[in-house]
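Below: one structure, written as structure tokens.
The values are calculated or read from the model by the stated rules, or taken from the named source; none is laboratory data. Source: prediction; values computed, not measured. Virtual Cβ from ideal backbone geometry, glycine too; neighbours counted across all protein chains shown. Ligands, DNA and RNA are stripped out before the accessible areas are found, and what is left, the full protein with its side chains, is counted by its heavy atoms. Shrake-Rupley method; radii C 1.70, N 1.55, O 1.52, S 1.80 Å.
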Amino acid sequence: YTSPRRDFGGELGGFVLANLRVERALDAAWRLGLRLDNATDRDYEQAAGFATPGRALLLTLRYTSP
């Protein structure tokens, strides 16, 4: 949640973003992850005139040396 606030270009509205993440261990060294950013595909501005990302789905495979 970000409340309404002032910016150089005027007043910016507040917004709420929903981000989801799950991760599962495949074994001692490997992990599989799935992340959904901006799940509701909300249009919002963090700063006037600057684009912000829409919905994004990321699949990750992570290796950590034992």
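General observations
- All positions within the range 4-34 that are assigned to a strand (DSSP E or B) and charged (D, E, K, R): Arg5, Arg6, Asp7, Glu11, Arg21, Glu23, Arg24, Arg31
- Counting only residues that are over 16 Å from the mean Cα position of the chain (by Cα) and at pLDDT below 95, the range 29-49 holds 3 of them.
- Only one of Gly33, Gly49, Gly13, Gly9 that is exposed (fewer than 10 other Cβ atoms within 10 Å of the Cβ), small (Gly, Ala, Ser) and in contact (Cβ under 8 Å) with a residue 24 or more places away in the chain: Gly49
- Given (1) at pLDDT 95 or above; (2) part of a loop (DSSP other than H, G, I, E, B); (3) among the hydroxyl-bearing types (Ser, Thr, Tyr), index of the condition Ser65 fails: (1)
- Just one of (1) free of Cβ contacts under 8 Å to residues at least 24 places away in the same chain; (2) open to solvent by less than 90 Å² (accessible area, probe 1.4 Å); (3) in a strand (DSSP E or B); (4) of a type outside the set (Ser, Thr, Tyr) fails for Ala39. It is (3).
- Qualifying residue in the range 56-63 (condition: open to solvent by less than 100 Å² (accessible area, probe 1.4 Å), free of Cβ contacts under 8 Å to residues at least 12 places away in the same chain and not aliphatic (A, V, I, L, M)): no
- Matching residues in the range 21-47 - criterion: being among the hydrophobic types (A, V, I, L, M, F, W, C) and over 11 Å from Leu57 (Cβ atoms): Val22, Ala25, Leu26, Ala28, Ala29, Trp30, Leu32, Ala47
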